[in-house]
Amino acid sequence: MENTIAAISTASGNAGIGIIRLSGKNCFDILDKIFIPKNKNKIKGYSIKYGNIINPENNEIIDEVLVSYFISPNSFTRENMCEINSHGGMTVERKILELCLKNGADLASPGEFTKRAFLNGRIDLSQAESIIDLINSKSDKEAKESIKGLKGEISEKIEEIEKKITDVMVNIEVIVDYPEYDVPEITNDEALKQLKNIEIMLENLEKSFERGKLIRDGIKTVIFGKPNAGKSSLLNAILNEDRAIVSEIEGTTRDTIEEFINIDGLSLKLIDTAGIRDTENKIEKIGVEKSKKLAKEADLIIAIFDLSRDFEEEDKQIIDIIKDKNAIIVLNKVDIKQENNNIEDKIKSLCKPIIKMSALKKDGLNDLYEKIIEIFKLNNIDNGNEVIITNERHKNQIRKAYQNIVNGEDAIKNNMPIDISSIYIKQALEDLGEITGKNASEDIINEIFKKFCLGK
C-alpha cells in the first residue's frame, strides 16, 4: 500500500464543516503542496494546524482550514494520516479533494481507510463490521452493541473459545504423535468433556443472535386488521405525522408502508398493511395476500379490531392468523358509541394482551408502548455486559464451528481414530477465524468493505 488515498469523509451537502481525509506514505508531502500553515513548526502527531488551502498553480486561497496530523503508526490506518477540516459545502470540499488528487493522491474506494486499518493490524474484521453497524445504527441499543464490537468484545469471546479448542488440539496431537505414552480411555473422556464445554459456549453465542437480530434490525411489527379498523390512523398516531392516507373508503391502503420508531432505545420496524377482506380488485387482492404473508413473518402483530362495528368474517380470519403469533390486540374507536358489539367476547379466548384506545385521538398510545416494553423486556434485552451476536455472518460461522465440534465429539464417541476427530476440530478453528479475519478469503474481505461509505 505505497499509494496515498484521499476522500471526502463527511456527508454531501451544506454543513458547518467538511472533512477531507488522506492516508499513506506521501500524505504529508501532498499536504505541503496545497496547505500553508500559519505555524510552520515541525509536524507532531495528534496536533492541529491552522492555515489556508491554496491552489499551487496560482496561489489562490481555496479555504481557511484546520488540519489534524496523525503520524504512523499512531493513526486509524497505522499510516501517516491527515484530516483537512474545511468549511462545509460540496464546492469547497470537492475543490480541496481535486487538489489532493492532482498533487499525488488516489481517490479512495468505499471503506478503504478502514480496510487499511484491518490489513495493517489496527482492527480485526469483526471490529471493522462493527464500524458499519455503528454508522447504520437506528437505536441506542444497536449503537451500544456496535461499540462493544468495536472495542473488541466479540473478538475477545471468539479468542477465548479458540484458546479452548487449541488446548484440545494440543492433547490430540500428543495422542497421535506419541501413542505409546497415552491412556486412551482417560484422554478420550477428557477430550469429550472439553469439547462439550466448547459446544455449550458456541451454542449460547449462536442463541444470542435471536436478541441481536431484534437489536440490529428492529422488532418487525405488523399493523394488521380489516379495512377501516384504524390501522393507518394508528401508524400516524405513533409517528405523530400524517404518514398514511386515512379515508372512510375501504381498501385505501393497498401496499405496505414501512417506518422505524424507537421505544425505550430499541427500534421497531412498523409496517402498515392492506386491510384483510375478500375483494375482486386484483391490486387490492395482492395487497391482502402480502399482508397475510408479512403477519406470518412478523416478530409482533398489532391486531386492530373496530369497536364501532359488529364482529365480522374478516375479524375471524384475523383471529385465525394471529392465534399462534406474538400479538397485541387493539380495540380501537373507544370514543365512538358502541351498540350490540360482541368483539371482546370473541377474542378473550386468544389470551393475548388487550389495549383499548382511540388511534384518531391518540388515546391509549402509552398503554400500547408499555405493553410492547413488557413483552420484549426491552430494558434487559442486552443483558448488561454479555456478548451478543448481531451480525448474521458471525452467526453462520459460529453455527458451522458448533456443528464441527459436535462432529468431533461423535467421532470420539464412535471409537473412530482420534485424528479423525482432529479434522473436525481444526475446521471449527478455521470457521471461527473467518469472523475475525484470520482465515477470511479475499472475496469475503472485499465484499465486507464494499458496504462502507466513501471516505470511511
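The values are calculated or read from the model by the stated rules, or taken from the named source; none is laboratory data. Bear in mind the structure is a predicted one, so any value in this text is a computation, not a measurement. In this analysis, Cβ positions are derived from the backbone assuming ideal geometry, glycine residues included, and neighbour counts consider all displayed protein chains.
Condition test on D335, is it touching a strand residue (DSSP E or B) at 6+ places or on another chain (Cβ under 8 Å) and in a helix (DSSP H, G or I)? No, not satisfied. Being over 30 Å from I263 (Cα atoms) and either at pLDDT below 80 or crowded, with 19+ Cβ neighbours inside 10 Å (or both) is the filter here; which residues of segment 279-310 pass it? Within segment 279-310, T279, E280, N281, K282, I283, E284, K285, I286, D310 qualify. With the structure loaded, tell me whether I34 is aliphatic (A, V, I, L, M), within 26 Å of F449 (Cα to Cα) and modelled with pLDDT of 95 or more or whether it fails that test. Taking the combined requirement at face value, the residue does not satisfy it. Those helices (runs of 4 or more DSSP H) of segment 353-443 in which 2 or more residues are of a type outside the set (D, E, K, R) and assigned by TED's automatic domain parsing to the domain that holds I261 occupy 365-376. Restricting attention to segment 323-364 and to residues that are of a type in the set (G, A, S) and under 33 Å from the mean Cα position of the chain (by Cα), the residue that is nearest to N240 (Cα to Cα) turns out to be A359. Among the residues of segment 40-68, write down those that are closer than 21 Å to I17 by Cβ and either in contact (Cβ under 8 Å) with a residue 40 or more places away in the chain or loosely packed, with under 10 Cβ neighbours inside 10 Å (or both). Correct list: I53, N55. Figure legend. Inter-residue proximity from segment 407-431: first residues free of Cβ contacts under 8 Å to residues at least 12 places away in the same chain, second residues among the hydrophobic types (A, V, I, L, M, F, W, C), beta-carbon distance below 7 Å, spacing 6+ or different chains. Indicated pairs: I420/A411. Among the numbered conditions (1) at pLDDT below 95; (2) in contact with a helix residue (DSSP H, G or I) (Cβ under 9 Å, 6 or more places away or on another chain); (3) not basic (K, R), the only one that E442 does not meet is (2). Looking across A143, A128, one residue alone is surrounded by fewer than 19 Cβ atoms within 10 Å (Cβ to Cβ) and either of a type in the set (G, A, S) or over 24 Å from F452 (Cβ atoms) (or both). It is A143. Number of residues in segment 446-456 that are part of a helix (DSSP H, G or I) and surrounded by fewer than 17 Cβ atoms within 10 Å (Cβ to Cβ): the value is 2. Look at (1) at pLDDT 85 or above; (2) under 29 Å from the mean Cα position of the chain (by Cα); (3) surrounded by fewer than 14 Cβ atoms within 10 Å (Cβ to Cβ) and you find that D320 fails only one, number (2). For segment 168-273, the strands (runs of 3 or more DSSP E) that sit wholly inside it and include 3 or more residues that are at pLDDT 85 or above and surrounded by 18 or more Cβ atoms within 10 Å (Cβ to Cβ) are 219-225, 266-272. Within segment 419-445, being surrounded by fewer than 16 Cβ atoms within 10 Å (Cβ to Cβ), among the hydrophobic types (A, V, I, L, M, F, W, C) and closer than 17 Å to K115 by Cβ holds for one residue alone: I444. For segment 97-116, a tally of residues being surrounded by fewer than 22 Cβ atoms within 10 Å (Cβ to Cβ), among the hydrophobic types (A, V, I, L, M, F, W, C) and in contact with a helix residue (DSSP H, G or I) (Cβ under 8 Å, 6 or more places away or on another chain) returns 1.
The residues in segment 78-121 that are free of Cβ contacts under 8 Å to residues at least 60 places away in the same chain and of a type in the set (D, E, K, R) can be counted, and the count is 4.
Criterion applied to S23, S12 was being in contact with an Asp or Glu (Cβ under 6 Å, 6 or more places away or on another chain) and of a type in the set (S, T, Y), and the one residue passing it is S23. Looking only at segment 70-81, decide whether some residue is surrounded by fewer than 22 Cβ atoms within 10 Å (Cβ to Cβ), in the same structural domain as I20 (by TED's automatic domain parsing), modelled with pLDDT of 95 or more and among the acidic types (D, E). No, segment 70-81 contains no residue that is surrounded by fewer than 22 Cβ atoms within 10 Å (Cβ to Cβ), in the same structural domain as I20 (by TED's automatic domain parsing), modelled with pLDDT of 95 or more and among the acidic types (D, E).
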